[in-house]
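Working notes, beginning with the structure itself.
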Amino acid sequence: MHERGLFTTGINYNAEKSEDFLNMIERMQSNRLDDQRCEMPERTHNPTSGHQNEQTHQKTNGSAVHNQLTRNIMNEVLTKVGPYPQIVLPSNGFWMDGVNQQHHMDDQVNNMNVNSCARFKLETDETSHCYRRHFFGREHHDFFANDPIVGPLVLSVRTEVISSCDHFRIILRTRKGTIHEIVSATALADRPSASRMAKLLCEEITTEQFSPVAFPGGSELIVQYDEHVLTNTYKFGVIYQKGGQTTEEQLFGNPHGSPAFDEFLSMIGDSVQLNGFQKYRGGLDTAHNQTGHQSVFSEFKNREIMFHVSTMLPYTIGDAQQLQRKRHIGNDIVAIIFQEANTPFAPDMIASNFLHAYVVVQPIDALTDRVRYRVSVAARDDVPFFGPTLPTPSIFKRGQDFRNFLLTKLINAENAAYKSSKFAKLAERTRSSLLDGLHATLRERAEFYATPLLESTSSGGESAATTSSSSNSYGGGILSSVKKAFIGRSRSVSQEASHVPHRAATINVTSRPKKSISSTSSSTSARTHSPIRDEEVVKPYRKEWEISSQESPDNEHDSDTGMESMSSTEMSGQTRASSCTFCVDDFHVAANHQSSDAKRLETLCVDVTRLQNEKHDLLRQNVSCKTDIKKLKDRQSVLSEELERANDEISRLRRMLKKPSNSDMAPVHQHFERSYSDVSV
């Protein structure tokens, strides 16, 4: 047998072939990490996949060249006399903050308030909270539409008075994102339609057809869409770096940490047993201990944080790449690099498609009462700056303030990383899918709930005597509410000296194909050109409609919005009851043709009145029950006091029974004193 043989059999073999075999196994093992890493998906499919593979191969080779250059720079830095910088940036692709290696400033830091950054703020997407803060549960109006260019749209409008002026708070949701602005009412002049509001926030919108969300449950669907980006769970990697370690394999190959590392971990979180852990687990196994037995968990500002600690994840003997550790930390977005000694760290040292930000922590005077931590930050170029800002010098004392600062920095780093190009594409894809689903749901429910409200009968012909028309009278409640929200007050009406008052409102009901309804009241006054148009048949079960009101003394056609005026006459001296109503050509003819919709409205009004009465009864019962509960609580308090006094009296009586009083013993003492005096005499 061959002494250097790999096998113990008596078969002869070629040593060169054996070495080739071992080299092949080593190459296969070195490629295991690349096989398990996740690739960021592209947004669109390109048929030229061969060209893309070639570009990917070139990009991989370029990345390897950059890593080698960075490693050469680090080796060159280590050949010099320290102290060394915490972070060594590659030639491009990253930015850093807080790098300061002036050790002579440590004494100065000890005498100053290094915890001045106790005030911190979590940087979240404020737009996601706007609907719940300003719209949900308050009087507002929601609309949805489908633009041929921009795609699905969801619009929310609310009127507010700011500095004694009317304003519109508007939220517009598109595939590109959500826009929130406060617009003055003067910007919309006298035509505050939904389409004009949407175009103020996005000029690419061309559609004029916006349908209202006038059914129950619509606000809940919208608030769920707005808050889909919010999360209360985070996972961060924690990598232990010994002195002199400058490669990825060395970082993940540390089987154990150090007392200084354990001291740092105890500050940022609590060590928990993974088996049976019920809170956020961050992808770790909590049933079979396949990802280790312990980990570090923390709760901060109603958020749950799980740390993937490199030394607590399974260590595989013989695996140079430690895939069990890399598959967790490599899929995190933010990681902490704990430097045991003064050895620099390069952000491209760890090959990962997901890691976008690093917070590098280096202890000073570890395991003493004067322990401090030097902090630096590095992130990819497309990650915007995130707070809280590092002080100068960026050295912190161990304590609660530093923990709060560090956890805030980690959470803000992940939120900022989502704005990078790779994650922005994924977020846009998710947002587009959810917006399409929201629009489809709103459209289906609108067709189910709002079809009776949008029904209207049509009339044709030019003569009022030969035609009949009717309008959906109970739909005016929604329209007047929209009118009130958009305008806030009734528009002034021009009056003629010799004729009855005139009230005008502009209403546009659109459908496919788009049609308009217009009517004019006959008047002998000199009103300027109010052309009388023939009413066209309006299709029932409309999917999209739009309302806008306008003060127009001429009742002329609005060329910008495609709306036409409708008017009705009133008796002299009659006050205006609402700011928006349906009108017909001939009031007398319409009054004779009572539609089924009016009956349905009457039934609904009776039901609403009944429900209101029941609500008032329930409120009265609630008040009465609360009063009874209060009386019972007062009675309970009185009885408790009496019971306490009774217990005290019982205790006193028991003490008296156990120990006789001095008055009872007085005759006995007197008897003994007389006996003693007689004996002495």
Query raised in the report: From the phi of every residue in the range 216-224, what ³J(HN,Hα) in whole Hz does the Karplus formula 6.51 cos²θ - 1.76 cosθ + 1.60 yield, where θ is phi - 60° and glycine or proline is x?
Result: x, x, x, 5, 5, 5, 5, 5, 5
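Can you figure out the FRET efficiency of N622 with R429, using R₀ = 41 Å and their beta-carbon distance, to the nearest 0.05?
Values: r = 48 Å, r/R0 = 1.18.
Plugging the Cβ-Cβ distance into 1/(1 + (r/R0)^6) gives 0.25.
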**Report entry** Simple label model, 7 Å out from Cα along Cβ direction - V81 to S266, nm
**Finding:** 3.7
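In the structure shown, do any of K121/K301; K199/K422; K279/K419; K326/K409; K235/K326 have a Cα-Cα gap over 18 Å, and if so which?
Violating the 18 Å limit, Cα to Cα: K199/K422; K279/K419; K326/K409.
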Report task. Using per-residue counts of other Cβ atoms within 10 Å, averaged over each peptide, order 627-634, 128-135 from highest down. Result -> 128-135, 627-634
Report summary line: Whole-Hz Karplus couplings 3J(HN,Hα) for the range 360-367, θ = phi - 60° and coefficients 6.51, -1.76, 1.60, Gly and Pro as x, run 9, 10, 10, x, 10, 6, 5, 6
Report task. Loop only per DSSP, at most 15 neighbouring Cβ atoms within 10 Å: give me the chymotrypsin sites (Phe, Trp or Tyr not before Pro) in the range 320-389, ordered by residue number. Result -> F385
Query raised in the report: Zone of Q612 (label point 7 Å along Cα→Cβ, backbone N under 15 Å): which residues in the range 185-217?
Result: none
Report task. Within 10 Å of each residue's Cβ, count the other Cβ atoms and sort I317, I182 from fewest upward. Result -> I317, I182
Query - Coil-residue trypsin sites (Lys or Arg not before Pro) of the range 324-385, DSSP, other Cβ within 10 Å capped at 14 - result: R370
Query raised in the report: Once amide H atoms are built 1.01 Å from N in the peptide plane, which residues 5 or more positions from F300, or in another chain, come under 5 Å H to H?
Result: I305
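Which FRET efficiency, nearest 0.05, do R652 and I629 yield, Cβ-Cβ r, R0 45 Å? Could you put the intermediate results ahead of the total?
Working: r = 35 Å, r/R0 = 0.78.
The formula returns an efficiency of 0.80 here.
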Query raised in the report: How high is the FRET efficiency from C605 to E641, r the C-beta distance, R0 60 Å, rounded to 0.05?
Result: 0.65
Requested in this report: Would you grab the residues whose amide H sits under 5 Å from the one on V238? Only those 5+ places off in sequence or on another chain, please, with H modelled 1.01 Å from N.
Outcome: H308, V309, S310, I336
Report task. Within 10 Å of each residue's Cβ, count the other Cβ atoms and sort S271, S624 from fewest upward. Result -> S624, S271
Query raised in the report: Whole-Hz Karplus ³J(HN,Hα) for the range 86-91, in order, using 6.51 cos²θ - 1.76 cosθ + 1.60 and θ = phi - 60°, x for Gly and Pro?
Result: 5, 10, 10, 7, x, 4
Report task. Place a label point 7 angstrom from the Cα of H134 along the Cα-to-Cβ direction, then list the residues of the range 147-171 whose backbone nitrogen is under 19 Å away. Result -> 154-171
Query raised in the report: In terms of modelled amide H atoms, which long-range or inter-chain residues lie less than 5 Å from the amide H of F345?
Result: I87, V88
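Laboratory data are not the source of any read-out in this text; all were calculated from the coordinates shown. No experiment lies behind these values; they were computed from the predicted model shown. Don't worry about glycine lacking a Cβ; one is built from the backbone with ideal geometry, like all the others, and counts go over all protein chains shown.
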